[in-house]
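A.B. asks: Handing you this structure, nothing more for now.
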Amino acid sequence: MLRLTNLSVPLDYTEETLFAAVLKKCGLQPDQLLSLHIIRRSVDARDKSNVHFVLSLHLKVRNEPLLLKKCRFLSPAVSPAPADPVAARFSRPPLVVGAGPSGLFAALTLARAGANPVLVERGRPVEKRIPDVEKMSAEGVLDPESNVQFGEGGAGAFSDGKLTCGIKSPWLHTVLETFVSHGAPEEILFDAMPHIGTDRLRGVVASIRSEITALGGKVFFETKLEKLLIRGSHLEGAVLSRAGESHEFLSDTVLLCIGHSARDTVNMLFSQGVRMSQKPFAMGVRIEHPRLFIDQAQYGAFAGHPALGAASYKLVCHTPDSRGVYTFCMCPGGYVIAAASQPGGIVVNGMSFHARNADNSNSALLVGIRTDDFGDDHPLAGMILQRQIEKAAYLAGNSSFRAPCQRVEDFFMDRATRSFGEVQPSYRPGITPADLRAVFPSFITEDLKKGIRAMNSQLPGFAMPDAVLTAPETRSSSPVRILRNETGESESVAGLFPVGEGAGYAGGIVSAAIDGIIAARKAMEKSCLL
């Protein structure tokens, strides 16, 4: 099999025209090309008069060695070698705490190896936490009751399944194939910016969970990790509570996949001597523009082409204080949503349905936060800073879950917003016009101003006066790292495996899922040595 890269094709290409383009590019006769398979597809919109796709493909042809000599732009296709299977020999079933990406894939990996894992999640199943799609479609709003979540991992409840990943791993394709096998759209296997959509993600997650139980695993929701059972420096189990009752779960293996919003659990672990350290992270706002404006800014006359869908962007700028400002988790045709996990605090996030056809497009706009910004050398000082800003936002929103929101022009002029113009905020259960200086330290607001102005030169119109900023986005990543050694275990408690975003080792769905797979395999490798 051969690999062909950088093949430009029009947006409306078909299977027949693609076949013809490959024949022409490689100088082949029709009977010489046996098959082709797209492995990557991206949009090239640098020239707004010629927006097109760029493809990478795997080809099967007759006489591959001769074609390789003839076409220097071809190369042998190299597929990642499947990893050796790992046996599972646990004396007691392993416990997986948290049912986000890292927890699901850790439990699935263990279940496929016959380890009969027990997966526990403090909240309700994700399909019961994500807003009802039909209700939202009919009313054009998010259900406020379904939006406000308190508890472990609440901020991740509305993930819309953006599967971009900045790491190279042999497990990357495994994660994507698993999603597809459980109902995700097949194009995530090759799109440069793969996306499932909140509406489809619900079923995908439920299907993965069903596979875990079909293979002998167990899943318990509304179950809280109260404390670890530790003898010396070795794990012996955990105390779990459900429906007001507590019981001991005996196991020498716990995979800690709690997510980065489980602050009470992190505090409990710290009090039990689990070693942690501070970690840089980022905070900021959600910025919203009209979807049609972003589409036209990115695609020009090609905006609205059915093959393109809603446009995305990824912007970054350096600031004089070296913190930097960047966009993250961009949601084309999406919504700004509530993601609070504690009473008395506001947290915002973003989501899109698969169609990405809402009026606004939004993105996190974040400022880098250094550990010396925490104001204390305590390992949990970053969480305290997050909480302070979330409380300030709650007060700025009139002590309700109406998030503080400000027009960009007003933000630049240091004046409170009184009314909104072309861009109406999408946040539910509602916003309070505000001055964001009441929410953030001055270094964040000043860097946000610098960032918006700099990004306006990258994407003209980004700083439009009526664009809106909804605050605060505080949970882009964890400000804490739960320290682990080369075996994947906690540095202080043998048998405890810190995993994923909440432990400080991942930065998105795919990287967290990969970390879950690796952690499960390391736990199984250890089980075989005992």
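The values are calculated or read from the model by the stated rules, or taken from the named source; none is laboratory data. Being a predicted model, the structure only gives us computed values, none of them experimental. Neighbour counts run over all protein chains shown; Cβ positions are idealised from the backbone, glycine included. Areas reflect the complete protein model, heavy atoms only, side chains present, ligands, DNA and RNA absent. Shrake-Rupley method; radii C 1.70, N 1.55, O 1.52, S 1.80 Å.
A.B. asks: Hey, any idea what % of the chain's accessible area is carbon plus sulfur with a 1.4 Å probe?
C.D. replies: Working: 11440 of 22390 Å².
Roughly 51 percent of what the probe reaches on the chain is carbon or sulfur.
A.B. asks: Compute, for residue 440, the solvent-accessible surface of its heavy atoms (probe 1.4 Å) with the complete set of protein chains present, and express it in square angstrom to the nearest 10.
C.D. replies: Around 10 Å² of this residue is reachable by solvent.
A.B. asks: With every protein chain left in place, what is the accessible area per residue of the chain in square angstrom, probe 1.4 Å? Intermediate results must be reported in sequence, preceding the final value.
C.D. replies: Numbers: 22390 Å² over 530 residues.
So the chain comes to 42 Å² accessible per residue, rounded to a whole number.
A.B. asks: So, one more: If you average the alpha carbon positions of region 511-527 and of region 73-118, how far apart do those two centres end up, in angstrom?
C.D. replies: That distance is 6 Å.
A.B. asks: Run the 1.4 Å probe and let me know the accessible area of residue 452, rounded to the nearest 10 Å².
C.D. replies: 0 Å²
A.B. asks: List, in order, the whole-Hz ³J(HN,Hα) value for each residue of region 215-222 obtained from phi through the Karplus relation with A = 6.51, B = -1.76, C = 1.60 and θ = phi - 60°; use x for Gly and Pro.
C.D. replies: Once θ is set to phi - 60°, the couplings for region 215-222 become 8, x, x, 10, 10, 10, 9, 6 Hz.
A.B. asks: Using Cα centres only, tell me the gap between region 354-419 and region 1-46 in whole Å.
C.D. replies: Cα centres, region 354-419 to region 1-46: 45 Å.
A.B. asks: Would you mind putting 484-490, 287-293 in packing order, based on average other-beta-carbon counts within 10 Å, highest first?
C.D. replies: 287-293, 484-490
A.B. asks: Between the alpha-carbon centers of region 283-342 and region 476-505, tell me the distance in whole angstrom.
C.D. replies: So the separation of the two Cα centres works out to 31 Å.
A.B. asks: Under the classification rounded if a/c is under 1.5, otherwise prolate if a/b is larger than b/c and oblate if not, where does the chain fall, given a ≥ b ≥ c as square roots of the Cα gyration tensor eigenvalues?
C.D. replies: Values: a/c = 1.84, a/b = 1.08, b/c = 1.71.
The shape class here is oblate.
A.B. asks: For residue 230, enumerate residues with amide H under 5 Å from its amide H, sequence gap 5+ or separate chain, H modeled in the peptide plane.
C.D. replies: 236
A.B. asks: Something else about it: Report, by chain and number, residues whose modeled amide H sits under 5 Å from the one on residue 39, excluding near sequence neighbours (fewer than 5 apart, same chain).
C.D. replies: 56, 57, 58
A.B. asks: Once amide H atoms are placed 1.01 Å from N in the peptide plane, what residues at a sequence separation of 5 or more from residue 217, or on another chain, have their amide H within under 5 Å of its amide H?
C.D. replies: Answer set, sorted by chain and number: none.
A.B. asks: Further, regarding this structure: If you count only protein heavy atoms and use a 1.4 Å probe, how large is the accessible surface of residue 268, to the nearest 10 Å²?
C.D. replies: Solvent-accessible area, nearest 10 Å²: 30 Å².
A.B. asks: Hey, if we sort 511, 419 by accessible area with the 1.4 Å probe, largest down, what's the order?
C.D. replies: On the way: 511 20, 419 80 Å².
From most accessible down to least: 419, 511.
A.B. asks: Using θ = phi - 60° and the Karplus relation 6.51 cos²θ - 1.76 cosθ + 1.60, list the HN-Hα couplings for region 478-490 in order, rounded to whole Hz, with x at every Gly or Pro.
C.D. replies: Rounded to whole hertz, the list is 7, x, 10, 10, 8, 5, 9, 9, 5, 7, x, 8, 4.
A.B. asks: Moving on to the next point. Using the Karplus curve 6.51 cos²θ - 1.76 cosθ + 1.60 with θ = phi - 60°, work out ³J(HN,Hα) for each residue of region 182-191 in order, rounded to whole Hz, and write x for Gly and Pro.
C.D. replies: 10, x, 6, x, 5, 5, 5, 6, 10, 5
A.B. asks: Where does the chain land at 222 nm, in deg cm²/dmol rounded to the nearest 500, when only DSSP H runs of n ≥ 4 count, each adding -39500 (n - 2.57), divided by all residues? Display every interim value, and only then the final one.
C.D. replies: Values: 14 runs with 151 residues, N = 530.
Taking each H run of at least 4 residues, the total per residue is -8500 deg cm²/dmol.
A.B. asks: Same structure again: When only the heavy atoms of the protein chains count and the probe is 1.4 Å, how do 247, 318 rank by accessible area, highest first?
C.D. replies: Details: 247 95, 318 175 Å².
Output order, biggest surface exposure first: 318, 247.
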